[in-house]
Structures are given as C-alpha cells and as structure tokens.
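Peer 1: Got a structure here, written out as structure tokens. Questions coming.
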Amino acid sequence: MDRDRRQLLLMLLPYLVGLVALVLLPAVATMAMAFTESDLIATSRFVGLANFVELTRDPAVRAAVGNSLSYLAVSVPLRLVLAVGLALLLHRRARAAGTARVAVLLPGAVPELAYGLMWLWLLNPIQGPVNQLLLLGGEGGRTMFGTLPPQWLTDPEDARAGIVLMSLFTIGETFVIVLTARLALPPEAYELAELEGARAGQVLRRVTLPLLAPVLAVLVLRDTLMSLQASFVPTLVVTGGGPPPYATTYLSLVLYQDAFEYLRYGYAAAVAALMLGLTAVAVLIQWRLLRRWASSGAVGVEVRRPGN
Amino acid sequence: MTAGLRLRGVSLSRGAVTALRGIDLAVPRGELLVVLGPSGAGKSSLLRAIAGLDPVTAGTVAIGGRDVTAQRPGQRNVSMVFQNHSLLPHLTVADNIAFGDRIRGAGHRAAAARAAQAAATVGCQDLLARRPHQLSGGERQRVALARALVREPDVFLLDEPLANLDAELRLRMRTEIRAVHDRLGTTTVYVTHDQSEAMALGDRIAVLRDGRFEQVGTPDEVWRQPRTRHVAAFVGAPGMNLLPGDGPLTLPGGPATGVELGVRPEHVTLGGTPPDPLGEVERVEVLGEDALVHLTVGGHPLLARVPAAARPAPGDRVGIGVAAEHLHVFDTATGERVPQPTAAGRAG
C-alpha cells in the first residue's frame, strides 16, 4: 500500500469506525434480532421465522404496507414536481426571488416535532386555517369547490391526504439541489433553443428536463429511500396512525409502536427488515426504469459499464 | 452590393458596461467577415446583437434587407456556433443537427434526412449515432457546424469556434470552415482573437476595440495599411514595432515629433552599416525557418524577424535598417495613421 492510500485510509478511519459501530453493527444486530423474541430485558429467545410469519397475518402491518406504498407512490412524484417547478420559477434573478427561495427552504428547517404540532393546528377541522381558507367563498358550510370541508383527522382518505400535504412543504433540500443544477446548465443550450425559435414548453421538454435528468434521477431514488421513514413524525404527532383502525398507520409507526410501546423488539426488527426489503424493491424498480429510459436515449444519463 | 447583413449605429449596453458603441457595418451576401479583437473588445456582444440574444440599446440590424431589430432571435433565421456547449449532451449527433427542424415542427423522417445531408456537408456523416461525449473536440465543432448549417441561415455566426482546439486541429478546421463557406456561400460573421485565423479565413477583417471598429478591410489592407496603432500592434505575429518619431529610427525627412513610427518585425533588416543605428541583441528565439530577435535600440525594445541561418547572437551589436516604404506613421495623440508620400530611400 503506497503512502497516498495509507493517508487516505487514515483520514477515512474516524468515519469508517463510526459507520461500522453506529450503523453497520446495529443493522446486523437488528437483522439477527428479527429471528428472536426479545424485550431487551429478559433473555432473547430464538424463534426462527415466527416473526415473519406473524407479519403476514398482522392486520396493522398489512394496512401499513398498503399505506406506505401508496404514500410513496403519491408523495415522491408530487414532491419532485413541486421542487422542480419552484426551482425553475425561482432560478432567475428577480425581485423577491431570494426571499421566495428562503421561504421554500424554511419549513425543512423547523424541527420535525414542532412541524407536526403546527400542522395539528393547521389541519384542525374547525379552527384550522386550512379549512378556514377552503371555506372562503363557499356557502352553507361548503368549500369554494362546493364540497364539504375535508375532515383531516377523522376521515381515512382525508387523513392520508393530510399526511401527503404535510410532506409537500419539506422539499427544501430537493429544491436547492435542482436550483443549483439548473444554474449550472450552460446558457448556450438555452440560446441555441432561442435561436431556433423554441417556445417555453419546448425548452422545458427538450432542453431543461433532459439536461436535469441525471440529477432528477438521483433525487427520485433518494426521496424514495427516505419516504418510508418520512411519514413517521406526522403520523405520530398529528394522526396517531388513525382514524382507527389503521388509516394512517405506516410501517415506521408500526415499528415504533411494536418496539417502544409493546416492547416487542424482535418483531419490530422484522418490521424493519420488511421496510428495508420494500425500499430496496422500490429503488430497484426505479433503477431499472431509469436504465431503460437512459439507454433509449431520452435523457442525458449515460449507462456505462466497466471497461467501456 | 446585395444586402447580406447591415448594422447601423448599433450600440449595446448592459448595466453600466457599454459593449458596442455605434457600430456601422455592411456585410455583402456571401461574404465571410472576420471580427478580430482582444478579449473584452465586444466581439461576442456584436454577434449577440446580430442574433438578437441581447437587445441593442440603439441602432438597427437588417438581414437580407429586412429590419430585424425588433424581432426575436428565432425569427431572424440566423444560426450560431459557440466556443463551447454548441451541442446538447443528451441528444445524438443526428438529433442535435435535427433539433431546430424538430422545434419548428418538421417530421422526424424529414428532419433526419436533412440532418444526414448537413452532416455530409461537413464530413461528419459517420458520427450520426454518437453522443457528444463520445466525440473529440474537433468532431464536436464539426457537428456544431452541421447543426448551424442545416437551417440554411441567412447569416451564420461563429463565436471563436476553434478556440478550444489544439493548434494542429485549429489549422485543419479553419481550412474546412473556409471550404464549407465557399461551397455554401452563406453570409458569415466569424469572431476570433487569433489574428492568424482572421488573416487566413476572412474575405475582410473588422478589427474591433472597445466596442468600435478601428478598421474594416481585406486582410491585405489591414496588414499593409493599418489605420491605427492598435491595429498595427494587434495584427501580425508578432505585431508591429512602435517607436517614437524622434527616437532611433527617423523618417527620411529627419526626426519628427508628435508621431510614432511603426515597422513590422519582418521588415527590420540586421547587419547594416552606419548611418544605420546600432542595436544590442537581448534574446533570440528560433522559430524554425525564421528567428525572432529581441533588440534594444536607443533604449527602446525592437523585434526583428530574420532568417534563422542569419541570426545574430545575444550580446551582438548590429546595425538596424528599415526601408522607408515599410515605415508606418501614426499620430501619437489620436493613434491614427498619418498618410506618407511614398518615398524611396532608407530610413536611418
């Protein structure tokens, strides 16, 4: 091993130690724990696949899998569209653009619990500003669209929509990355399009989105990875997993309840394994789609194989 | 003169910076005009004003006889090649060339056929399926050329297209650009800071400085009769020597004040005898066939370009001769050329 590599390793060492001690070992321990019955006090007992068999029959888990996947399917694309839209609107130097950028970033800087509590108030069906706003211009207790106001905390559909709504304001990081990526695009590409007489829609479709595609692909994968955990604090603070029985019960909440309320660490570990598996499958599917998309020549993502 | 491109009193300011100051320019149809100038002279601004990418603050731009000053870039039927990023990285060569046609609603097949034809014009028909990152710098600019030509533009604008290529490729590409121009006859404005490129390519050269043209003329005129001291110093490799009129070199009529004398390094002869002034050789650079000799004459630096075989050695003192017809005279105050009666004889 030459000097450079030794130095590199030396500098990486603190991080590697932390990674192994705080992430890898606990992860392996958790996976092992999934095959035991454990309350972290009495001696753990090996139970084989019993926890996993129970997972398949547990109504909370079954509901949570459905809820988590539909949350992922709705929230990830919506968050991306919103972040990209705002970044493209706000990338120009314009009056108040700086203020607007900060406004997009700020909700992500609020501590999660405070953010959840704020939404508990915002979504209050009677005094909450969201419904007050919707009722403006409506008559006879109906909203401006003529519908009854959403019952964010008591109707299953509305509650799930509320959780997604909450997720749409914490797009600061995605926004910043798209904004930076957009600012880094060569102005010549836009001037070429302008010289050819391209309209705004054509520029978006044929220049901006394809050029941003590699960044967007990474962002989708990243958001997917995070999304199964992202619904945790809102459900814990705002809906408590309800309305009953499991309208907004997501896997992260099931895991939390099994571990810290029912003290079934072995079973909770099995839930964690399930979450990991689902995330891996979702990422794999996206990765495959992206690969196919890229090799069809639609975007600027190069799929390179080693030695190529 | 058929109307190709006509600029009248074009000025362009961006914030506090004035890039162009009242530019008047007429480029006949089919001409290749090279705009030459140091960086910051306003060369790119001039192209952007013609293309409409930056709105002019005063003056008019006419293309093919129609006033396009108020038109958007897309309506002017001009195309442009940039120094970098003239291609979209996510598109194949074929799609890059067909990009404009597709934007304007041409069908896929028709656009592809035209793209293939344009590619053949510049000799990149074998690259159609590749992506820009799979091309060399020269191939990329060749494709950029095809992309710009496929539109059959009224005016073709090139913004230092060869600046990022290595020297050998630059030479080859500029020959090819000239050949393509001769074949298609598109009115072309070519921007460069490289005077040898300008000399080699241009039907005419427009020397730009501080947003104004110092001289517009054929390469020969610009080289032989530079209208200002800046043109004299900028054109030529290296540029003209400039010495005070009452310095070591004098006009046949004797020392003159208020003027500067210019002489090209190529026109300085070494080894003369008195009354030629003596110069001390500081440094000698051999450039193959020729050598550049750095001298000091009466406290002034002077460059001479002589056959390498006849070069002096550093430290030598040599007589310096300049034929009177090779002396250029510039007014010190205005920098403008002072016309001289053609006088035979030697300066000394």
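Peer 1: When the accessible area of each residue in the stretch B:112-137 is compared between its chain alone and the complete protein assembly (1.4 Å probe; ligands, DNA and RNA ignored), which residues differ by at least 10 Å², being lower in the assembly?
Peer 2: At a threshold of 10 Å² (probe 1.4 Å), the residues of the stretch B:112-137 that become less exposed are B:Arg131, B:His133.
Peer 1: At 7 Å along the Cα-to-beta-carbon direction for both B:Arg109 and B:Arg14, put a label point, then send me their distance in nm to one decimal.
Peer 2: 4.4
Peer 1: Tally up the carbon and sulfur contribution to the accessible surface of the stretch B:241-347 as a whole percent, 1.4 Å probe, everything protein left in place.
Peer 2: Roughly 54 percent, rounded to a whole number.
Peer 1: At 222 nm, what helix-only mean residue ellipticity would chain A give, in deg cm²/dmol to the nearest 500, using -39500 (n - 2.57) for each DSSP H run of four or more?
Peer 2: On the way: 14 runs with 192 residues, N = 308.
Helices in chain A give a 222 nm mean residue ellipticity of -20000 deg cm²/dmol.
Peer 1: A further question follows. Roughly how big is the stretch B:241-347's charge dipole about its Cα centre, with Cβ charges of +1 (Lys, Arg) and -1 (Asp, Glu), in debye to the nearest 20?
Peer 2: The dipole magnitude comes to about 140 debye.
Peer 1: Next question, about the same structure. Using only the heavy atoms of the protein chains and a 1.4 Å probe, how would B:Ser44, B:Ser39, A:Ser231 rank by accessible area, largest first?
Peer 2: B:Ser39, B:Ser44, A:Ser231
Peer 1: Shifting gears a bit: Which one of A:Ala189, A:Val176, A:Leu204 is farthest out on the positive end of the charge dipole of the stretch A:45-295, using unit charges on Cβ (Lys, Arg +1; Asp, Glu -1) and the Cα centre as origin?
Peer 2: Towards the positive end, the residue furthest out is A:Ala189.
Peer 1: For the stretch A:1-79, with the dipole built from +1 on Lys and Arg beta-carbon atoms and -1 on Asp and Glu ones, taken about the Cα centre, which of A:Gly66, A:Ala27, A:Leu9 lies farthest toward the positive end?
Peer 2: A:Leu9
Peer 1: At the nearest 100 Å², what buried accessible area, both sides summed, do you get for B and A when the probe is 1.4 Å?
Peer 2: Separately minus together, B and A give about 2100 Å² buried.
Peer 1: Suppose we take every Cα in the protein assembly as shown and form the convex hull; what volume per residue is that in Å³?
Peer 2: 261
Peer 1: Separate question: Equivalent-ellipsoid semi-axes (√(5λ), Cα gyration tensor) for chain A, whole Å, largest first?
Peer 2: Semi-axes (√(5λ), whole Å): 37, 33, 18.
Peer 1: Let me ask something additional. Looking at the calculated P(r) for chain B, what percent of the C-alpha pair distances fall above 37 Å?
Peer 2: 31
Peer 1: Whole-Hz ³J(HN,Hα) for each residue in the stretch B:85-100, computed from phi via Karplus 6.51 cos²θ - 1.76 cosθ + 1.60 with θ = phi - 60°, x for glycine and proline: what do you get?
Peer 2: Computed from phi, the couplings for the stretch B:85-100 are 6, 7, 10, 8, x, 8, 10, 5, 4, 4, 5, 4, 5, 7, 3, x Hz.
Peer 1: Averaged across B:147-156, how many Cβ atoms of other chains sit within 10 Å of each residue's Cβ atom?
Peer 2: Details: counts 2, 2, 0, 0, 2, 0, 1, 0, 0, 0.
Mean number of neighbouring Cβ atoms from other chains: 1.
Peer 1: OK, next. So which residue, out of B:Val338, B:Val27, B:Val78, gets the largest mean-square fluctuation from a GNM of chain B using Cα contacts under 10 Å as springs?
Peer 2: With Cα springs under 10 Å in chain B, the top fluctuation among B:Val338, B:Val27, B:Val78 is at B:Val338.
Peer 1: Moving on to the next point. What is the spin-label model distance, in nm, from B:Ala167 to B:Glu282 if the labels are put 7 Å beyond Cα along the C-beta direction?
Peer 2: In this crude spin-label approximation the distance works out to 2.3 nm.
Peer 1: Using the charge dipole of the stretch B:241-347 (Lys, Arg: +1 at Cβ; Asp, Glu: -1 at Cβ; taken about the Cα centre), state which of B:Gly288, B:Thr273, B:Leu251 has its Cα farthest towards the positive end.
Peer 2: Checking the options against the dipole of the stretch B:241-347, the answer is B:Thr273.
Peer 1: Under a GNM of chain B (C-alpha, springs under 10 Å), which listed residue has the highest mean-square fluctuation: B:Gly42, B:Gly262, B:Gly65?
Peer 2: Residue with maximal mean-square fluctuation among B:Gly42, B:Gly262, B:Gly65: B:Gly65.
Peer 1: On to the next question. Rounded to the nearest 5, what % of the DSSP beta bridges within chain B are antiparallel ones?
Peer 2: Percentage antiparallel, nearest 5: 75.
Peer 1: Further, regarding this structure: Give, rounded to the nearest 20 debye, the magnitude of the charge dipole that the stretch B:3-231 has about its Cα centre when Lys and Arg contribute +1 at Cβ and Asp and Glu contribute -1 at Cβ. Spell out each step's value before the answer.
Peer 2: On the way: 31 positive and 23 negative charges, 101 e Å.
Charge dipole, the stretch B:3-231, about its Cα centre: 480 debye, nearest 20.
Peer 1: Given the rule -39500 (n - 2.57) for each run of at least 4 DSSP H residues, summed and divided by the residues of chain B, what is its mean residue ellipticity at 222 nm, to the nearest 500 deg cm²/dmol?
Peer 2: Helices in chain B give a 222 nm mean residue ellipticity of -7000 deg cm²/dmol.
Peer 1: Next question, about the same structure. I need the semi-axes of the equivalent ellipsoid of the stretch B:1-154: take the C-alpha gyration tensor, multiply each eigenvalue by 5, square-root it, list largest first in whole angstrom.
Peer 2: For the stretch B:1-154, the ellipsoid semi-axes come out as 30, 17, 14 Å.
Peer 1: May I pose another question? Given an 8 Å cut-off on Cα distances and at least 6 residues of separation, report the relative contact order of the stretch B:241-347 as a percent.
Peer 2: Once normalised by length, the contact order is 30 percent.
Peer 1: Where the only charges are on Cβ atoms (+1 Lys, Arg; -1 Asp, Glu), what is the dipole of the protein assembly as shown about its Cα centre, to the nearest 20 debye?
Peer 2: That gives a dipole near 1260 debye.
Peer 1: Counting other Cβ atoms within 10 Å, keep those with at most 10, restrict to DSSP loop, and tell me which trypsin sites (Lys or Arg not before Pro) in the stretch A:1-109 are left.
Peer 2: Values: sites: A:Arg3, A:Arg5, A:Arg6, A:Arg45, A:Arg57, A:Arg62, A:Arg79, A:Arg92, A:Arg93, A:Arg95, A:Arg101; in loops: A:Arg92, A:Arg93, A:Arg95.
Answer in residue order: A:Arg92, A:Arg93, A:Arg95.
Peer 1: Further, regarding this structure: In nm, give the distance between the simple-model label positions of A:Asp155 and A:Leu185, each being 7 Å from the Cα along the Cα-to-Cβ direction.
Peer 2: 3.9
Peer 1: Next question. Taking N as the number of residues in the stretch B:241-347, what is its Cα Rg relative to 2.2 N^0.38 Å?
Peer 2: The reported ratio for this selection is 1.05.
Peer 1: Something else: Express the C-alpha Rg of the stretch A:111-159 as a ratio against the empirical globular expectation 2.2 N^0.38 Å, rounded to two decimals.
Peer 2: Expressed relative to 2.2 N^0.38 Å, the Cα Rg reads 1.21.
The values are calculated or read from the model by the stated rules, or taken from the named source; none is laboratory data. This structure is a prediction, so every number in the text was calculated from the model and none was measured. Note: ideal-geometry Cβ built from the backbone for every residue, glycine included; neighbour counts use all protein chains shown. Quick note on the areas: whole protein, heavy atoms, side chains included, nothing else; ligands and nucleic acids left out. Shrake-Rupley method; radii C 1.70, N 1.55, O 1.52, S 1.80 Å.
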